[in-house]
Amino acid sequence: MSSLTTKVFGVPQPGWYRVYYIINNIQELVTALTQEHPVVLMFWADWNQPSKATYWDLAIAKKDEAVFCQLDFDKFKDVVEKFRVKALPTFLLIKEGEEQRRVVGAKVEELNMALSDIG
């Protein structure tokens with residue numbers, strides 16, 4: 001099984017695939033944001049568990065339509081400020097490096113519709 005995320009970030013080991021990628025540094029964020037495919041960037045935190053299940057299910061369903069990445073709210077404060085993230089989870093839908101839509105809260109249907117709109 002493959003996904004756009006796997007094509008961008010590779011696989012953790014042979015036989016695996018990724019439906020989402022946890023950003024670890026600024027270079028990985030730049031890689032994600034400069035893709036020709038739509039990117040769904042989720043701002044999350046360890047203390048905000050409800051968002052993870054929502055994101056996982058959508059990432060599986062839309063694995064061939066977008067690159068899915070997570071960004072730790074507490075680790076990347078400068079990026080949080082740049083994107084004006086005030087609540088968790090916040091999902092940014094980015095295409096060609098530009099924010100197209102924003103969904104605040106674990107609103108699966110709204111996120112799904114937004115992704116369909118920009119695809």
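The values are calculated or read from the model by the stated rules, or taken from the named source; none is laboratory data. Quick caveat: nothing in here was measured; it's all calculated off a predicted structure. Using ideal geometry, Cβ is built from the backbone for each residue, glycine included, and neighbour counts are taken over all protein chains shown.
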Single residue of Phe91, Phe83, Phe73 found to be at pLDDT 90 or above and closer than 15 Å to Leu111 by Cα: Phe91
Complete set of residues in segment 71-98 that are outside any helix (DSSP H, G or I), charged (D, E, K, R) and over 12 Å from Leu29 (Cα atoms): Asp74, Lys75, Arg84, Lys86, Lys95, Glu96, Glu98
Identity of the residue in segment 96-113, at pLDDT 90 or above and either among the aromatic types (Phe, Trp, Tyr) or surrounded by fewer than 20 Cβ atoms within 10 Å (Cβ to Cβ) (or both), that ends up farthest from Leu58 (Cα to Cα): Glu98
